[in-house]
């Protein structure tokens, strides 16, 4: 399960808000792309930059290459004191700043994600400045200080960022009071690339973007019809988070805390990738790649491995993979990914009574949708299972759609808790096309 955090607390308080093998074919007669537009009440969009798109922004000390955006001639040096080690170190740096980008509606939340390579002696920082519907701007908010390893800096989110109209909660920029009418109408991303001044190594930023959304405040959602991927199941590896309970307390100790990296690792290995070196993991531990994923997604400020963009950035660090955090509108929309051979990690929360067959409740959890039964129920690899063999579950479609898409829920104590509003990790090879769904601009 996802570590309970200020992110969940803040969202709850908003007033208005398997075994690796061949991919199973799509159900006969149901297209993997195109089709009828998915109807929805949510407003969600993804806007990003990569490839030739760097020319739309402004670089200072950075340059675009065939591999991605790199640090060419640094504009200067700066001293960074790592808050988690106390070490002060000088870094050369350069920046790339995206153009001011209109969202197209009044957004209540924004989550950025990025794909990058950071060799030893390098790291990067991602920031955002929003523009309100009033025309005023937010401060430059830090959305992550990130490196693929942990020898140079400790990857971290930054707490206590607010201007009393919006705040950053771990990985999410959120409007504090959407009912007040002031929302986000535009955003501008900025990425700073850092390297050791004595080195010529450089980070390589392959893509960066943001999901902006306005999801209605809701305890329930209307079930979607679907049909695109009924009868399709993908052969995704099965990993249990529970068999890691008590392992590596410095990375939040396994078990319930590791749903996110366990789900991410299942997706990485589905695509035939795997960490090259897990020799640091205790050889008596099963599934050492899960321990590796937990370490390499760990957020030292959040004190957990559930930071959404840190998980997708980890996945995108494997050769040929790309990944992002976004929201989907419905299971009907998610079915297009399954039909295209792309399993999807989903963020859910529920009472034990709300999801038949789970046998537990959670305030926040990641599990991976790997297919649909012939009648449309959800087939999920649920890492909150006692063994690897027990990870595959079938959950009722209407129940699953509720616990994933709602933004509000009733807690076991009778209070009000938060829901993710459809958050997903999308991970695939760059050689595999994203599905095309009429009316969808959210990936």
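The values are calculated or read from the model by the stated rules, or taken from the named source; none is laboratory data. In this text the structure is predicted, and so the values were computed from the model without any measurement. Don't worry about glycine lacking a Cβ; one is built from the backbone with ideal geometry, like all the others, and counts go over all protein chains shown.
Data for the structure
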quantity: Selection from the range 103-132 of residues that are in contact with a helix residue (DSSP H, G or I) (Cβ under 9 Å, 6 or more places away or on another chain), farther than 23 Å from residue 315 by Cα and surrounded by 19 or more Cβ atoms within 10 Å (Cβ to Cβ); calculated: 108, 109
quantity: Residue tally, condition over 24 Å from residue 54 (Cβ atoms), outside any strand (DSSP E or B) and touching a strand residue (DSSP E or B) at 6+ places or on another chain (Cβ under 8 Å), over the range 198-226; calculated: 5
quantity: Residue within the range 187-196 that is outside any strand (DSSP E or B) and assigned by TED's automatic domain parsing to the domain that holds residue 133 present; calculated: yes
quantity: Matching entry among 137, 185, 190, 145 (being under 19 Å from residue 317 (Cβ atoms) and at pLDDT 95 or above); calculated: 145
quantity: Extreme residue, nearest to residue 115 (Cα to Cα), among residues of the range 49-58 that are more than 22 Å from the chain's Cα centre (by Cα) and crowded, with 19+ Cβ neighbours inside 10 Å; calculated: 54
quantity: Test result for residue 135, in a loop (DSSP other than H, G, I, E, B), in contact with a helix residue (DSSP H, G or I) (Cβ under 8 Å, 6 or more places away or on another chain) and not assigned by TED's automatic domain parsing to the domain that holds residue 278; calculated: no
quantity: Residue count for the range 148-171, restricted to those that are under 20 Å from the mean Cα position of the chain (by Cα) and either over 25 Å from residue 134 (Cα atoms) or buried (at least 22 other Cβ atoms within 10 Å of the Cβ) (or both); calculated: 12
quantity: Filter pass, residue 229 being under 30 Å from residue 401 (Cβ atoms), not in a strand (DSSP E or B) and not assigned by TED's automatic domain parsing to the domain that holds residue 95; calculated: yes
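Listed here are the residues, each with its yes/no results for (1) in the same structural domain as residue 86 (by TED's automatic domain parsing); (2) over 17 Å from the mean Cα position of the chain (by Cα); (3) outside any helix (DSSP H, G or I).
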| position | (1), (2), (3) |
| --- | --- |
| 243 | no, yes, no |
| 253 | no, yes, yes |
| 264 | no, no, no |
| 274 | no, yes, yes |
| 282 | no, yes, yes |
| 285 | no, yes, yes |
| 291 | no, yes, no |
| 302 | no, no, yes |
| 349 | no, no, yes |
